[in-house]
Amino acid sequence: MQIKVSYQKPQVLQALRYHFISKREIKLMIILVNVFALFAAALFFYKKVTPLAFLISSFLWIFCMLAFFWWLPATIYKRSNTFRDTFNISLEENHFFIDNSRGSTKTWAWREFSEMMETPHFFHLYFNPRSFFLLPKDVFRDSDELHEARLLLRNKIPQKK
């Protein structure tokens, strides 16, 4: 299957959010910050802490949420030239081929991918927990081709838990 891939910034930012939220340590940190914020609000309501302490904890909550949902994905997007490039991709029975207009070609055997995660706009193809390739779903001609690609990816790469 041959496809031409280019990226749209809003979709990539959303995919990066999914990537970060899927990480166990980030989930835990968000849960702890939210529990801390609720605890601070309860203490403030019962007049156990000063308004300044509650205000500081509220700023901590706002800063963490902004960092995970806007700043971190935007920083990764800016640093990566991959998202501003156009690729030709070939999904074969034994390999994943990619080349760009500058003549750079790369081939991966399916076993080189450690896991795959599907989100609304992308297939996240992971090499390791920190390195992955985003394959947009909107590059497929129709739902049949998308379904065929989904089946191939699911058969060749383990699903992310």
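Coordinate-derived values only; no laboratory data. All of these numbers come straight from a predicted model, not from anything done at the bench. For neighbour counting, all protein chains shown are included, and Cβ atoms are generated from backbone atoms with ideal geometry for every residue, glycine included.
Observations, loosely collected:
- Here's the list of lysines a cross-link from Lys160 could span, going by alpha-carbon distance under 20 Å and ignoring same-chain residues fewer than 8 apart: Lys23, Lys27, Lys137.
- Ranked packing of 87-95, 21-29, most packed first, by mean Cβ within 10 Å: 87-95, 21-29
- Once the Cβ-Cβ distance of Leu146 and Arg17 is raised to the sixth power relative to R0 = 25 Å, the FRET efficiency obtained is 0.70.
- For region 31-47, 3J(HN,Hα) per residue [Karplus equation, 6.51 cos²θ - 1.76 cosθ + 1.60, θ = phi - 60°, Hz, x = Gly/Pro]: 4, 5, 5, 5, 5, 4, 5, 5, 4, 5, 5, 5, 5, 5, 4, 8, 6
- Take the Cβ atoms of Lys78 and Val139, set R0 to 35 Å, and the FRET efficiency comes out at 0.95.
- Farthest towards the positive end of the charge dipole of the chain, among the residues Leu153, Thr107, Pro73, is the Cα of Pro73, using unit charges on the Cβ of Lys, Arg, Asp and Glu.
- For the peptides 99-107, 127-135, the ranking by packing is 127-135, 99-107, with the highest mean count of neighbouring Cβ atoms within 10 Å listed first.
- In terms of surrounding Cβ atoms within a 10 Å radius of their Cβ, Arg111, Arg17 rank from fewest to most as Arg111, Arg17.
- Stokes-Einstein translational diffusion, region 9-79 - Kirkwood Rh over all Cα pairs, 1.002 mPa s, 20 °C, in µm²/s: 160
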